[in-house]
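A.B. asks: For reference, the structure I am asking about is given below.
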Protein chains: 2
Amino acid sequence: MIKSIKKLQQKKYRKEYQQFFVEGVKGVTDLLNSSYEAAAVCIESGREKDEDIIAIIDIAKEKKVPVQVLPEKDIKQIKSTDTFPGVMGIANMKEKQGLGEGHVICLDGVMDPGNLGTIIRTADWFGITNIVLSENCVDPYNPKVVRSTMGSLFHVQLIRDDLETRIGELKEKGYKTIGLTLDGESLDKLPEGLLCLVLGSESHGVSKEVKPLLDASYTIPGKGEAESLNVAVAGGIVMSKL
Amino acid sequence: MIKSIKKLQQKKYRKEYQQFFVEGVKGVTDLLNSSYEAAAVCIESGREKDEDIIAIIDIAKEKKVPVQVLPEKDIKQIKSTDTFPGVMGIANMKEKQGLGEGHVICLDGVMDPGNLGTIIRTADWFGITNIVLSENCVDPYNPKVVRSTMGSLFHVQLIRDDLETRIGELKEKGYKTIGLTLDGESLDKLPEGLLCLVLGSESHGVSKEVKPLLDASYTIPGKGEAESLNVAVAGGIVMSKL
């Protein structure tokens, strides 16, 4: 078992096994309370009497999820950070599902795990649960992405899809597609109605394939010397106005 | 020289030598064009004919900054990331200076290098150039912070100080002190006049020492299931309203 969990640090095995892991009390609790199926919960030996870990064991029992207590030497093999937060959950990926109601966020080549995780967390904060990832985005089940979402990964609908096709479908449903670019109109008020917000990659912004599909493109007005904003910050500013 | 540069990856040597380094064309260019003194520019052998590196060599010559071309084996010793972007600048830290005009951002225990760098970049975007760091913030000259600022480190005034003292002084000058907390009033409109915005630590928010000094505390209204926003995103949303 340790060997298979360790392999989940690599994308190819996450894909093969259709599983990923989440570390920490908040993440594991959110997994157990989500629509994801948890395959197992692993607890570091010595931590099973911690109050918050006892609470996790209770939920796991109730949901009939196997709980394993592992010695430190096994934890060392599987953890993805220096300081293991005492507990890890193994999650089964879900079947590809459709998007729900409401606004949609499309990520066009977001490569940095911290940025992707933060965007998912921010979307969840603002109640936006539809997130489409282009094929060249970083894997959302990468341990660093999962960690940066702070549990929000389990509250949103994530779909990896061809953005051009997906945006075309959304437009047919009446969505207005807006993007953040460095040469758009100054962001003051967003259009009314259902929106599909496109956030581009850290180095190249919105791709040349997607740009022609935008109904409007905006720039967040600034007056300093920075060349651009971080994509997660820029996305957060727009989401706060949705 | 290689040995001393390598040491700058560690905080204690940065403090001892009063130097830090910045990697990449944008960062080194911003350093050379800033009020910081550049001690040297190091270029990876084979890259000295790149157009953007030639531009850097020109500025360095004009500013009488020594330029060193280093073989790959030396670069391997000093670089802070896997892929070295061709050029590195060594900067001398500045004497402690006062704050300039305008709003002030106070960071109360921000620990994550990426968050600190992103906050500096965002402040620069919005033209806010006064940033005060509490003693327990991560070192702003940490390579990861420098990298995340994307050159904005060289456009702002950074001061490390005791926050309580500094906020007291700002209040006497007529600044209103506002903070982001999870139990504040819903952020709609900010107060008029000069503001001192306090952003708390990733795990504990605004510290119990600083909280009583706040004239107002705000929460960014959300309707999803996330427990909190990332501090750099939350800070960005407030800065966009300043």
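A.B. asks: All but one of (1) touching a strand residue (DSSP E or B) at 6+ places or on another chain (Cβ under 7 Å); (2) assigned to a loop (DSSP other than H, G, I, E, B); (3) within 14 Å of chain B (Cβ to nearest Cβ); (4) in contact (Cβ under 8 Å) with a residue 60 or more places away in the chain hold for A:G235; which doesn't?
C.D. replies: Condition (2) is where A:G235 drops out.
A.B. asks: Additional query: Examine region A:72-82 for a residue that is among the aliphatic types (A, V, I, L, M), more than 29 Å from A:V132 (Cβ to Cβ) and over 18 Å from the mean Cα position of the chain (by Cα), and state whether such a residue exists.
C.D. replies: Yes, the conditions are met somewhere in region A:72-82.
A.B. asks: Right, something else. Select from region A:212-224 the residues that are in contact (Cβ under 8 Å) with a residue 12 or more places away in the chain and assigned to a loop (DSSP other than H, G, I, E, B) and write down the one among them that is farthest from A:G109 (Cα to Cα).
C.D. replies: Taking the candidates together, the pick is A:P221.
A.B. asks: In the list B:K26, B:K61, which residue meets the criterion of being loosely packed, with under 13 Cβ neighbours inside 10 Å, charged (D, E, K, R) and at negative phi?
C.D. replies: B:K61
A.B. asks: Is it the case that region B:91-104 has a residue that's over 30 Å from B:I178 (Cα atoms), charged (D, E, K, R) and touching a Ser or Thr at 6+ places or on another chain (Cβ under 8 Å)?
C.D. replies: No, that holds for no residue.
A.B. asks: Would you tally the residues in region B:1-38 being over 11 Å from B:M88 (Cα atoms), touching a residue at least 12 places away in the same chain (Cβ under 8 Å), outside any helix (DSSP H, G or I) and not acidic (D, E)?
C.D. replies: Going through region B:1-38 one residue at a time, the tally reaches 9.
A.B. asks: Another question about this same structure. Check A:L214 against each of (1) in contact with a strand residue (DSSP E or B) (Cβ under 6 Å, 6 or more places away or on another chain); (2) at the interface with another protein chain (Cβ under 7 Å from one of its Cβ atoms); (3) among the hydrophobic types (A, V, I, L, M, F, W, C) and name the one condition it does not meet.
C.D. replies: Evaluating A:L214 over (1) in contact with a strand residue (DSSP E or B) (Cβ under 6 Å, 6 or more places away or on another chain); (2) at the interface with another protein chain (Cβ under 7 Å from one of its Cβ atoms); (3) among the hydrophobic types (A, V, I, L, M, F, W, C) leaves (2) as the failure.
A.B. asks: So, of the residues in region B:114-127 that are more than 18 Å from A:K144 (Cα to Cα) and within 7 Å of chain A (Cβ to nearest Cβ), which turns out to be surrounded by the most Cβ atoms within 10 Å (Cβ to Cβ)?
C.D. replies: B:T122
A.B. asks: For region A:128-145: of the residues being within 14 Å of chain B (Cβ to nearest Cβ) and not polar (S, T, N, Q), which is surrounded by the fewest Cβ atoms within 10 Å (Cβ to Cβ)?
C.D. replies: Across region A:128-145, the extreme among qualifying residues is A:K144.
A.B. asks: Now for a different question. For region B:193-208, enumerate the residues that are loosely packed, with under 11 Cβ neighbours inside 10 Å and modelled with pLDDT of 95 or more.
C.D. replies: B:G193, B:K208
A.B. asks: Considering region A:167-189 alone, what residues qualify as being of a type outside the set (A, V, I, L, M) and either in a loop (DSSP other than H, G, I, E, B) or not assigned by TED's automatic domain parsing to the domain that holds A:I119 (or both)?
C.D. replies: A:K173, A:G174, A:Y175, A:D188, A:K189
A.B. asks: Turning to a different aspect of this structure: Give the number of residues within region B:169-214 that are small (G, A, S) and under 17 Å from B:G100 (Cα atoms).
C.D. replies: Final tally of qualifying residues: 2.
A.B. asks: Also: Would you check which residues across region A:147-177 are closer than 30 Å to B:E202 by Cβ, in contact (Cβ under 8 Å) with a residue 40 or more places away in the chain and away from every other protein chain (no Cβ under 14 Å) and list them?
C.D. replies: A:I159
A.B. asks: In this structure, is A:E209 free of Cβ contacts under 8 Å to residues at least 12 places away in the same chain and away from chain B (no Cβ under 14 Å)?
C.D. replies: no
A.B. asks: Within region A:64-96, how many residues are part of a helix (DSSP H, G or I) and either in contact with a strand residue (DSSP E or B) (Cβ under 7 Å, 6 or more places away or on another chain) or surrounded by 15 or more Cβ atoms within 10 Å (Cβ to Cβ) (or both)?
C.D. replies: Going through region A:64-96 one residue at a time, the tally reaches 4.
A.B. asks: Same structure again: Give the residues of region A:39-63 that are among the hydroxyl-bearing types (S, T, Y) and without any contact (Cβ under 8 Å) to a residue 12 or more places away in the chain, sorted by residue number.
C.D. replies: Hits for region A:39-63: nothing passes.
A.B. asks: Just one of the numbered conditions (1) surrounded by 13 or more Cβ atoms within 10 Å (Cβ to Cβ); (2) over 22 Å from the mean Cα position of the chain (by Cα) is not true of A:L32; which one?
C.D. replies: Evaluating A:L32 over (1) surrounded by 13 or more Cβ atoms within 10 Å (Cβ to Cβ); (2) over 22 Å from the mean Cα position of the chain (by Cα) leaves (2) as the failure.
Residue-wise test of (1) farther than 15 Å from B:P143 by Cα; (2) within 14 Å of another protein chain (Cβ to nearest Cβ); (3) touching a helix residue (DSSP H, G or I) at 6+ places or on another chain (Cβ under 8 Å); (4) modelled with pLDDT of 95 or more.
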| site | (1), (2), (3), (4) |
| --- | --- |
| B:I2 | yes, no, yes, no |
| B:Q10 | no, no, no, yes |
| B:F21 | no, no, yes, yes |
| B:S34 | yes, yes, yes, yes |
| B:A40 | yes, no, no, yes |
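A.B. asks: May I ask you to list the residues in region B:132-146 that are among the β-branched types (V, I, T) and farther than 17 Å from B:E202 by Cβ?
C.D. replies: If the condition is that a residue be among the β-branched types (V, I, T) and farther than 17 Å from B:E202 by Cβ, then B:V132, B:V146 are the ones that fit.
A.B. asks: What tally of residues in region B:209-242 results from selecting those that are over 11 Å from A:W125 (Cβ atoms), hydrophobic (A, V, I, L, M, F, W, C) and modelled with pLDDT of 95 or more?
C.D. replies: 8
A.B. asks: Shifting gears a bit: Could you say whether any residue in region B:94-106 is more than 14 Å from chain A (Cβ to nearest Cβ), touching a helix residue (DSSP H, G or I) at 6+ places or on another chain (Cβ under 9 Å) and modelled with pLDDT of 95 or more?
C.D. replies: Within region B:94-106 (the criterion being more than 14 Å from chain A (Cβ to nearest Cβ), touching a helix residue (DSSP H, G or I) at 6+ places or on another chain (Cβ under 9 Å) and modelled with pLDDT of 95 or more), the answer is yes, since at least one residue qualifies.
A.B. asks: Still on this structure, I have one more. For the condition in contact with a Lys or Arg (Cβ under 8 Å, 6 or more places away or on another chain) and outside any strand (DSSP E or B), what is the one hit in A:E209, A:E192, A:E227, A:E164?
C.D. replies: Result of the check over A:E209, A:E192, A:E227, A:E164: A:E227.
A.B. asks: Just need a number here: residues in region B:218-232 that are hydroxyl-bearing (S, T, Y) and within 8 Å of chain A (Cβ to nearest Cβ).
C.D. replies: Total satisfying the criteria: 1.
The values are calculated or read from the model by the stated rules, or taken from the named source; none is laboratory data. Just so we're clear, the structure is a prediction, and the values are computed from it rather than from any experiment. Here Cβ is always computed from backbone atoms with ideal geometry, including for glycine, and neighbour counts include all displayed protein chains.
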